[in-house]
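Beneath this line is the structure, given in structure tokens, with notes to follow.
The values are calculated or read from the model by the stated rules, or taken from the named source; none is laboratory data. It should be emphasised that the depicted structure is a prediction, and the values quoted were computed from it without experimental measurement. In this analysis, Cβ positions are derived from the backbone assuming ideal geometry, glycine residues included, and neighbour counts consider all displayed protein chains. Heavy atoms of the whole protein, side chains included, go into the accessibility calculation; ligands, DNA and RNA do not. Shrake-Rupley method; radii C 1.70, N 1.55, O 1.52, S 1.80 Å.
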Amino acid sequence: MLEGRSCVVPRLFPSSCQADNKWSFMTYLPDLDIKNGKRPLDTDGEEEPQPRKVNRRVDSRHHGETTRFLFQKQSCHADDSVVPQMDQDRRKDCVLLSNWQRVEKADAFSAQLLDEREQHRAGDSLVVSTDLQSNKKEEDQLEDSSDSGVQQSDEQKMEQEVEGDLLDAGDQQPPDDQEEHHGGDSSDSGSLLPRMNRDSSIACLSRCSRSDYGSLASLNRSFRNTIRSGELYRWRRLNGIIEHWIYFSCALLEWEAYDPIRERWMHLPRMASNECFMCSDKESLAVGTELLVFGREMRSHVIYRYSLLTNSWTSGMRMNAPRCLFGSASLGEIAILAGGCDLDGHILDSAELYNSENQTWELLPSMNKPRKMCSGVFMDGKFYVIGGIGGKDSKLLTCGEEYNIQTRTWTEIPNMSPGRSARGAEMPATAEAPPLVAVVNDELYAADYADMEVKKYDKERRVWVTIGRLPERAVSMNGWGLAFRACGDMLIVIGGPRTHGEGFIELNSWVPSEGPPQWNLLARKRSGNFVYNCAVMGC
């Protein structure tokens, strides 16, 4: 709004930028009874005057007809040379004509303005707000139409909006050099996405692939803390959002990970351990967002824990009854380990439950029979330990045992082990690998490495039925060096042909719900072709 003197730019000089105090038309100013010294907007011809609130729109529609007041000093500078010189007679005529029009308009406009002020005094603020919102909508529409000539879907617009917010948040602060693998650190704010509450932000981020979480963690501190705290993975688990990655080791102390959705390989940090652990028998287990590797050092058992949240290995965790050569399986954030043997070689009948959320171990009731070199699975919400070696003479066990988590009881199940190949009398029981079993959609499958067959367990009749063949190139040494695992709704076989020199590893997959075994090559990588350990992490 202009304060003090008001002036009008004549149509005769629409391009004039001369200072208002030097205009030849400033010889007459009507006396108007207007508060604060403010003057109403002049109108032209028969057009009805409008309140000053709509100046911006009037300017845009009639820019070619009337030049409005000059509000910004930077727009032009006073320069006497801009206004052309006129002769005295022509200037007087213009002055008289302008004064007569201004007096007539001012009288009519003053009366109308006073009436409108009384009528709209209460709703004035509402009109201003509505006008501002309308102007903003017009500007947004113009901006959107200039960026893209094609109407986008709601989902695409949301993705672009979220991506812009993330990038803006990531540019606020420099990266934190002290954090491994997570470069950007930009905000201490608790909100993740500026236009969403925290729950909605978590819901959106949970739909992203696990492969993208490393990049998201580098955007700002809030993202990184959310991912590293495990909150995002807990939300995914509660809402049934699970991605399965395959972890396996074909070289001592080195682990690879494979994402079957993105078809992407990842190399985990190398485990920092001694030679005793490197050469010992090891078991592996994926639970929650952790990969646990169990082994033995000189005088004790040791557990190395890889955290998906920090991409690092740690050690120092201890079970209530340390063991090796046990059977194990995981279900969400919990895992059960059963059997095995202690440091003195005694076969155990004890079992423990591990909770990855608080990293605690709980002793469970003992099994009916002690056993080692057994296998474990979860099926129908219950834990099963299958096969193994037990008794004083270390004989093969064909039975299995079922643990009911609700009643905390063990039940023996006869003939649950898929059996082993016909061995010579000179071959000890420990020469063969534990049973290669896996569960997909609550159905139990086994790999017969001797006959290269796939078997399925009939839970009603409690017998094993052959349903197809294993991949031809999946070779092993008495079952050692071959991995048979469930990965979501797929069964996977990991192994490679025996070759001299540098070999390669193959990942073959089959979806049981699609029919008889038809193995598809999922991935291939140059690597050692002997699989020491393998685990599948679903989170």
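For a test of the definition: using alpha carbon positions, the gyration tensor, and the 1.5 limit on a/c, classify segment 465-539 as rounded, prolate or oblate.
prolate
Based on the mean of other Cβ atoms within 10 Å per residue, sort peptides 363-375, 521-533 so the most packed one is first. Let's see the in-between values first.
Working: 363-375: 19.8, 521-533: 16.8.
So the peptides 363-375, 521-533, ranked by packing, come out 363-375, 521-533.
Subtract the Cα-Cα distance of ALA251 and SER315 from 0.36 nm times their separation in residues, and report this length gain in nm to one decimal.
21.1 nm
Relative contact order of segment 272-416: what whole-number percent is it, with Cα pairs under 8 angstrom and at least 6 residues apart? Before the final figure, lay out each step's value.
Values: 353 pairs, mean separation 21.5, N = 145.
Value for segment 272-416: 15 percent.
Counting only other residues whose beta carbon sits under 11 Å from that of GLU357, what net charge do I get with K and R as +1, D and E as -1?
Net of charged neighbours comes to 0.
Mind giving me the nanometre distance, one decimal, between the label points for LEU343 and SER394, set 7 Å out from Cα along Cα→Cβ?
A separation of 2.1 nm, rounded to one decimal place.
Per-residue accessible area for SER284 at 1.4 Å probe radius, Å² rounded to 10?
20 Å²
Classify segment 272-416 from the C-alpha gyration tensor, please: rounded if a/c falls under 1.5, else prolate or oblate depending on whether a/b exceeds b/c.
On the way: a/c = 2.11, a/b = 1.27, b/c = 1.66.
Judged from the Cα gyration tensor, segment 272-416 comes out oblate (a/c at least 1.5, b/c at or above a/b).
Show me the ranking of peptides 206-215, 221-230, 485-494 by mean Cβ neighbours inside 10 Å, starting with the highest. Mind showing how you got there, number by number?
Working: 206-215: 14.9, 221-230: 19.6, 485-494: 21.6.
Output ranking for 206-215, 221-230, 485-494: 485-494, 221-230, 206-215.
How would segment 272-331 be classified by its alpha-carbon gyration tensor: rounded, prolate or oblate, with rounded meaning a/c under 1.5 and the a/b versus b/c comparison settling the rest?
Verdict is oblate for segment 272-331.
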